[in-house]
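Student: Structure in structure tokens, see below.
The values are calculated or read from the model by the stated rules, or taken from the named source; none is laboratory data. Quick caveat, the model's predicted, so the values are computed rather than measured. Because the Cβ atoms are built from the backbone with ideal geometry, glycine has one as well, and the counts that use them run over all protein chains shown. Side chains included, ligands, DNA and RNA excluded: accessible areas come from the protein's heavy atoms. Shrake-Rupley method; radii C 1.70, N 1.55, O 1.52, S 1.80 Å.
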Amino acid sequence: HDLPKPLDGLAAGLCGIANCGFLLVAALVAQQGFSQDPVMDIVRICVILATLGAVAGFLPYNFNPASIFMGDAGSLLLGYLCMATVLLFTPDTGAYAPKLVTALLIIYAIPITDTLLAIIRRKAQGKSITAPDNGHIHHLLRRSGFGVKQTVVLLYAGAVVFAVIGVGMVYLDLQWRYMLAVFFPLYSFMMVVIFHYSQNLTLREQLKAEGQLDDRAL
């Protein structure tokens with residue numbers, strides 16, 4: 001199959017939603033006294049606001065139909081900034097660091113999930129982990145019949161759900177072990193479902209191309 005084109009506004013929108021969650025967590029860290037260094041509170045908030053400002057200025061021109069495009073350099077930069085922001089919560093938070101990092105990774109769960117699945121999928125197929133394919137989550141939604149805007153909005157909604165979960169865990173001051181005990185089984189189940197759906201969809205498309213399956217079975 002031809003590889004689908006990247007979806008307009010997807011990376012920028014997911015990064016913006018994640019950073020909104022990061023900003024709320026940073027505010028909670030400052031308010032609830034998790035931090036031992038007030039300067040780091042300011043640094044975190046400034047870095048997050050800078051990323052949000054860049055995304056907010058870019059997204060109106062990048063949402064479908066886009067007039068400007070991000071490219072790999074832009075998406076990799078956003079991923080780097082998000083993960084660097086996560087690490088900014090570790091130097092001064094002491095015993096709270098595992099809980100905060102867990103919550104932030106939950107907030108950023110969709111990009112992390114897509115990356116992990118891509119590595120697993122390509123390794124299972126004997127390909128390089130950098131080889132392009134059409135098995136990303138947004139590709140699966142497009143191949144299942146959703147339009148470009150529908151796919152982007154669905155993933156935005158998923159990102160909002162994860163952001164609410166992550167921020168809620170910090171707001172409720174849950175122990176990180178309980179956070180993992182609740183979230184990890186759900187996350188593992190989601191990973192398995194997406195992986196098997198990708199495999200089944202690819203198999204059905206191959207059978208259809210070989211004439212062994214008609215459109216009604218798809």
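Conditions (1) open to solvent by 50 Å² or more (accessible area, probe 1.4 Å); (2) modelled with pLDDT under 90; (3) closer than 16 Å to Cys46 by Cα, marked per residue:
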site	(1), (2), (3)
Gly57	no, no, no
Asp72	yes, yes, no
Gly79	no, no, no
Val86	no, no, yes
Asp92	no, no, no
Val101	no, no, no
Leu104	no, no, no
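Student: Quick check on segment 134-154: of everything there that is open to solvent by less than 60 Å² (accessible area, probe 1.4 Å), outside any loop (DSSP other than H, G, I, E, B) and not hydrophobic (A, V, I, L, M, F, W, C), which residue is farthest from Asn64 (Cα to Cα)? So that I can check it myself, show each step before the final result.
Tutor: Initial filter on segment 134-154 (open to solvent by less than 60 Å² (accessible area, probe 1.4 Å)): 134-141, 143-144, 147-148, 151-152.
Narrowing further to those that are outside any loop (DSSP other than H, G, I, E, B): 137-141, 143, 148, 151-152.
Retained after the next criterion (residues that are not hydrophobic (A, V, I, L, M, F, W, C)): 138-139, 143, 151.
Values: His138: 14, His139: 16, Arg143: 18, Thr151: 11 Å.
So, considering only residues that are open to solvent by less than 60 Å² (accessible area, probe 1.4 Å), outside any loop (DSSP other than H, G, I, E, B) and not hydrophobic (A, V, I, L, M, F, W, C), the one farthest from Asn64 (Cα to Cα) is Arg143.
Student: Then there is this: Any idea which residue in segment 133-192 is farthest from Gln32 (Cα to Cα), counting only those that are of a type in the set (Ser, Thr, Tyr) and modelled with pLDDT of 85 or more?
Tutor: Initially, segment 133-192 is screened for residues of a type in the set (Ser, Thr, Tyr), giving 144, 151, 156, 171, 178, 187-188.
Next, from what is left, pick out any that are modelled with pLDDT of 85 or more: 151, 156, 171.
Working: Thr151: 37, Tyr156: 29, Tyr171: 9 Å.
Per the criteria, the residue is Thr151.
Student: If you don't mind, another one. Looking only at segment 82-100, count every residue that is more than 13 Å from the chain's Cα centre (by Cα) and within 29 Å of His139 (Cβ to Cβ) and tell me the total.
Tutor: 3
Student: Another question about this same structure. Could you grab the pairs with beta carbons closer than 6 Å, sequence gap of 6+ or different chains, first residue in segment 59-76 and touching a residue at least 24 places away in the same chain (Cβ under 8 Å), second one open to solvent by 80 Å² or more (accessible area, probe 1.4 Å)?
Tutor: Asn64/Lys149
Student: Looking at Ala157, Ala131 in this structure, which one is surrounded by fewer than 12 Cβ atoms within 10 Å (Cβ to Cβ), under 20 Å from Ala18 (Cβ atoms) and not basic (Lys, Arg)?
Tutor: Result: Ala157 is the single residue among Ala157, Ala131 that is surrounded by fewer than 12 Cβ atoms within 10 Å (Cβ to Cβ), under 20 Å from Ala18 (Cβ atoms) and not basic (Lys, Arg).
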